[in-house]
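Read the structure below first, then the notes.
The values are calculated or read from the model by the stated rules, or taken from the named source; none is laboratory data. Being a predicted model, the structure only gives us computed values, none of them experimental. In this analysis, Cβ positions are derived from the backbone assuming ideal geometry, glycine residues included, and neighbour counts consider all displayed protein chains.
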Amino acid sequence: MRAPSPAPRAWTTDAVLVAASLTDVWIHDVGPRHPQELAAALLAAGALALRRGLPLPTFLLTLPTALFTDAVFATLVALYTLASRTHHRVPLAVCALGFTVCDLTWWSWPSPEFTDLDDRQALIPLSYSVAQATAPLFLGQLVQARRELSLRLVEVSEAREHERLLIAQSVLAKERAQLAREMHDAVSHQVSLMAVRAGALQVGSRDAEAKEAAATIRLLSVQTLDELRHMVGVLRASGSRPTELTPQPSLADLDRLVAGSGIDTDLRTDLPGDLAPPVQRAVYRTVQEALTNIRKHAPGATATIRVRQRDGTLRATVTNTAPSRPALSLPGAHHGLIGLRQRAELLGGTVTSGHLRDGGYELRLELPLDGAP
């Protein structure tokens with residue numbers, strides 16, 4: 001159930017106050033026998049509809065009913081509204097004094113005589129009138145202070161939230177800068193050494209297979225260095241607009257990826273060339289991760305890669321045979337498949353993997369092409 005909007009609530013409140021003011025007129029028996037009093041009372045009741053936009057004129061329109069009648073509900077409401085919407089104390093005091101004088105005058109109407117302060121009994125109307133004037137005045141000021149305090153609390157809360165966001169961004173920028181330094185000083189240096197050693201092995205070795213392996217290592221090292229340099233630049237530019245981490249690969253790069261993997265691979269693709277870049281990157285990263293895992297965990301195995309489109313769904317499958325040599329113990333965080341699944345889920349697809357009966361392994365990516373971004 002939806003909450004009522006502020007405007008209908010305001011109109012409802014005003015209607016209730018007008019009805020209460022008319023009831024006050026009826027209770028105090030202000031009738032047609034006294035047309036002057038009835039006109040003042042009805043004018044005061046109707047003026048309450050203007051109290052939100054014109055609080056001071058509304059109070060002035062309700063003041064005659066305090067002078068001619070005892071039906072002062074409308075005047076008190078108007079005084080409260082004025083007190084809750086103005087910061088000027090002097091006009092408020094003048095209005096309260098005006099209500100007090102009009103109310104005291106009514107006690108002796110139609111021959112008004114101001115109260116004799118020497119008569120204690122005469123102080124009762126004065127005290128009653130002053131209390132009636134000050135009660136809505138203080139209540140209105142209290143409501144105004146509460147409203148302003150609520151606004152200040154909201155502003156303070158927003159300022160603190162903004163400050164926490166700035167602190168978090170500052171901490172993140174420092175962490176990114178530290179990570180960039182570590183990548184530049186440690187990882188890039190080690191990959192550079194790998195490229196240099198591989199180049200030396202390529203030149204100095206007489207074995208054709210060793211030369212080919214060294215050339216592949218050197219090529220992969222150079223590509224890794226290029227990606228690291230770009231990533232370091234992105235990490236250091238923490239305050240700039242988001243950029244791509246690397247020149248993003250596409251399906252056109254699959255042949256080069258397979259050729260540089262060092263694995264005997266049968267690659268077959270049947271896809272249109274106008275696929276969305278996120279879909280092409282998902283296929284490329286899936287094949288890349290599969291080939292990396294084959295090198296790690298299934299040395300000597302052969303691979304089969306099939307990428308095709310059927311019935312609005314893209315399917316990329318990478319299978320490998322059982323390893324022909326013992327697997328090397330290589331470090332790994334086991335986050336590759338998790339990252340592939342997350343990437344596929346963002347595109348509305350799935351990634352599944354599992355062992356085959358012949359000792360091989362299969363990695364399958366399925367993406368819907370209809371809703372792909």
Matching residues, the stretch 277-292, being more than 38 Å from the chain's Cα centre (by Cα) and at pLDDT 85 or above: Leu291
Ala78 crowded, with 19+ Cβ neighbours inside 10 Å and assigned to a loop (DSSP other than H, G, I, E, B): no
Hits in the stretch 43-72 (condition: within 15 Å of His28 (Cβ to Cβ) and either in contact with a strand residue (DSSP E or B) (Cβ under 9 Å, 6 or more places away or on another chain) or surrounded by fewer than 23 Cβ atoms within 10 Å (Cβ to Cβ) (or both)): Pro64, Leu67, Phe68, Asp70
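Each row is one residue, and each column tells you yes or no for (1) in a helix (DSSP H, G or I); (2) farther than 30 Å from Ser261 by Cα; (3) within 49 Å of the chain's Cα centre (by Cα); (4) at pLDDT below 80.
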residue	(1), (2), (3), (4)
Leu149	yes, yes, yes, no
Glu182	yes, no, yes, yes
Asp185	yes, no, yes, yes
Val191	yes, no, yes, yes
Gly199	yes, no, no, yes
Ala210	yes, no, no, no
Sole residue being out of contact with any Leu (no Cβ under 7 Å at 6 or more places or on another chain), outside any strand (DSSP E or B) and modelled with pLDDT of 75 or more, chosen from Asp274, Asp226: Asp274
